[in-house]
Amino acid sequence: SAVFRFDPDEGTLHEIASHGPSAFVIRGIVLKVGDGIVGRAVADRKVLVTADVLRELRVHYRPEQRAALAAHGIGAMIGIPLFAHERIIGALAVGDRVGREFSAEELQAVQAFADQTALALENARLYATAQDSLTRLRDTQAQLVQAAKMSALGQLVSGVAHELNNPLSVIIGYGQLLLSRDVPESMRRPVELMVAQGDRMAKIVRNLLFFARQRPPERAAVNLQTVVEQTLALRVHQLTLSGITVETAFAPTLPEIIGDAQQLEQVFLNLLLNAEQAILEARPQGRIVVRTRVSDSGDFVYADVVDDGPGIAADALPRVFEPFFTTKMVGSGTGLGLSVSYGILEEHGGRLTVQSRRGETIFTVELPVSRAPEAAPRMAVMRAAPSGAGRVALVVEDEPSVVDLVVTLLKEHGWAVDVASGGRSGLERVASRPYDLIISDMRMADGDGAEFYTSVRQRAPALARRFVFITGDTANEEAWAFLEGAQVPVIEKPFQSAAFEDAVARVMQPDGPVRP
Ligand SMILES: Nc1ncnc2c1ncn2[C@@H]1O[C@H](COP(=O)(O)OP(=O)(O)OP(=O)(O)O)[C@@H](O)[C@H]1O
Ligand SMILES: [Mg+2]
């Protein structure tokens, strides 16, 4: 006897269980509908009973099956289709000696068994489908949780970065102000260190903001070679101490690309750190090769970071660019290095790819060559702020320490300064007296910067051209869209005093602001 499963797509019957002395004849067999007694029963959608199947004209067997049945003396057979909701889902076959007739009770018992079998098969199928749906549901749920986690993290980071940018503005701003004055020689170095460390914190905040989605990279002409060399210089000492030799194979010349040098340095730093960590995980020494090259067409530049560490396992390889994917111990890796790097390159119109096998891992950075020289150098010479003697500026900002810094910087250059704590009171000020310059924050409780600017432009278009925004809210895409559209100089907190002066100089040109 045997049970078959019906495959409606193929129109085939597959043996799934068989029992008895001649079971091996049918084990693993696949029958077409119409073949053998079960195939016939399924084709006719009804029970088929015979005392000698080999003489049955309606039933067709392949010669070897026929021979096997004859050899075992089997001829009496029952073929029963199995139904679930009117659909055929399988079939049952029962065989016995040639010439034997099945009694009515036997037929009844076999039919009852067939009904139970059909029920069991259908239940198994439903169970498998349910399992499948459950797995899919779990996957979707995991993705949702991950997405929610990322979005919560983004908000958290954006909030923290925003809070940090104000105090950092003050630390860096006053530090630089001190350095531009006559600081006692013994104080100079400590103040320089303060400013440098403040800058370092600002950089961390920027990276966090980058991750928290995001603003376009700065656009300046960059030589990838220089970026690679500068990053290597940061790590080469440590690498040597770790017993890792660094070899370079640089293209003789590399065409320039447009991008953000600091962000690209971050990419190479991540790749070098990963290479170093991978090597040292396996053994106490190794080799890193850094190569640069240009595509044959001259349209792309490439940089490879190659290490001879253990390589990336095949199942981990597709996941290394996922945020928070890490194989490192808790506390030693966050799994953000590659995903941030991937994001940075994407924003540059480039790519980050990986190839890995035992003993060699190659990360490749690909960047498009700049075709538009006019879009190039942004690192223009910073202009010094023009004298504010006889002029009045309005500072609209709700963070007292930042107000303090901006007022101090302006007064240094002879400006008279009024202060308002938000867009609404700012507008009252503008109505009450003429101003030569407005420095405004973006996000304020008492009327935000965008609204304030729009009202001023309606009331006094000339004054609207004398606007400078300072913002700590670089993760806010809406704010960026507004600033792009308004064509108003923006300085990001924490800012360098030189950048502040440059922005003031730009809007104070006789013909209004000059775009960088
Ligand atoms: N050169 C490499 N060789 C072998 N495995 C690597 C290499 N670079 C990355 N990986 C694998 O990819 C994972 C993700 O790397 P990624 O830089 O994103 O995170 P991380 O290094 O674990 O943590 P983080 O960079 O945030 O400190 C690593 O944990 C490691 O398993
Ligand atoms: Mg890393």
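The values are calculated or read from the model by the stated rules, or taken from the named source; none is laboratory data. None of the values given here were measured: they were computed from a predicted structure. Positions of Cβ are generated from backbone atoms using ideal geometry, with glycine treated the same way; all protein chains shown enter the neighbour counts. These area figures cover heavy atoms from the full protein model, side chains too; ligands, DNA and RNA do not enter into them. Shrake-Rupley method; radii C 1.70, N 1.55, O 1.52, S 1.80 Å.
Would you compute, from DSSP H runs of 4+ residues alone, the mean residue ellipticity of the chain at 222 nm, taking -39500 (n - 2.57) per run and dividing by the full residue count, rounded to the nearest 500?
-15500 deg cm²/dmol
Surface listing: 398, 308, 473 arranged by accessible area from highest to lowest gives 398, 308, 473, probe 1.4 Å.
Per residue, segment 220-375 exposes 50 Å² of accessible surface when a 1.4 Å probe is rolled over the protein heavy atoms with every protein chain present.
For segment 220-375, which whole-number percentage of the solvent-accessible area (1.4 Å probe, protein heavy atoms only) is attributable to carbon and sulfur atoms? Present the calculation step by step, with values, prior to reporting the outcome.
Working: 4150 of 7780 Å².
It is 53 percent, rounded to a whole number.
In the chain, a dipole from Cβ-located charges (positive for Lys and Arg, negative for Asp and Glu) runs towards its positive end, and of 221, 80, 417 it is 80 whose Cα lies farthest in that direction.
Applying the Karplus relation 6.51 cos²θ - 1.76 cosθ + 1.60 with θ = phi - 60° to segment 395-408 yields 3J(HN,Hα) values of 9, 10, 6, 9, 9, x, 5, 6, 3, 3, 5, 5, 4, 4 Hz, where x marks Gly and Pro. Amide H contacts of residue 320 (H built 1.01 Å from N, in plane; Pro and chain starts excluded): no residue 5 or more places away or on another chain comes under 5 Å.
Compared with the dominant principal axis of the Cα atoms in the chain, helix 423-432 is inclined by about 30°. Shape class for segment 427-506: oblate, because the ratio a/c of the largest to smallest gyration tensor axis (alpha-carbon atoms, square roots of eigenvalues) is 1.5 or more and b/c is at least a/b. Note on surface exposure: 5, 391 rank 5, 391 by accessible area, highest first, 1.4 Å probe. The slack between residue 433 and residue 387, meaning 0.36 nm per residue of separation minus the straight C-alpha distance, is 14.5 nm. Once you have a ≥ b ≥ c as the square roots of the Cα gyration tensor eigenvalues for segment 207-349, tell me rounded if a/c is under 1.5, and otherwise prolate or oblate according to whether a/b is larger than b/c. Here segment 207-349 falls in the oblate category. Across segment 436-512, the mean sequence separation of Cα contacts (distance under 8 Å, 6 or more residues apart), normalised by length, yields a relative contact order of 30 percent. Considering only beta bridges that DSSP places wholly inside the chain, some 70 percent are antiparallel. Charge dipole (Cα centre; +1 on Lys/Arg Cβ, -1 on Asp/Glu Cβ; no other charges) of segment 434-516 amounts to roughly 320 debye.
Using R0 = 22 Å, the C-beta based FRET efficiency linking residue 319 and residue 287 works out to 0.25. Projecting the Cα atoms of 273, 303, 250 onto the charge dipole of segment 220-375 (Cβ charges, centred on the Cα centre) puts 273 farthest toward the positive pole.
Charging the Cβ of each Asp and Glu at -1 and of each Lys and Arg at +1, and nothing else, the dipole of the chain about its Cα centre rounds to 300 debye. Peptides 110-120, 265-275 ranked from most to least packed by the mean count of surrounding Cβ atoms within 10 Å: 265-275, 110-120. For segment 307-351, the Cβ-based charge dipole about the Cα centre amounts to some 100 debye (Lys, Arg positive; Asp, Glu negative; other atoms uncharged). Note on residue 32: lysines with a C-alpha under 21 Å away, same-chain residues under 8 apart excluded, are 46. A dipole drawn for segment 67-154 from +1 and -1 charges on Cβ atoms has a positive end, and of 109, 70, 131 the residue lying farthest that way is 131. Separation of segment 294-367 from segment 250-264 is 18 Å, based on Cα centroids.
So how much accessible area does residue 208 have, in Å² to the nearest 10, using a 1.4 Å probe? Answer for residue 208: close to 80 Å² accessible. By how many degrees, 0 to 90 and rounded to 10, does the Cα axis of helix 224-241 deviate from the longest principal axis of the chain? Roughly 80 degrees, rounded to the nearest 10. Per residue, the average separation of C-alpha pairs within less than 8 Å and at least 6 apart gives the chain a relative contact order of 10 percent. Summed over the residues of segment 386-516 and divided among them, the accessible surface reaches 42 Å² per residue at a probe radius of 1.4 Å.
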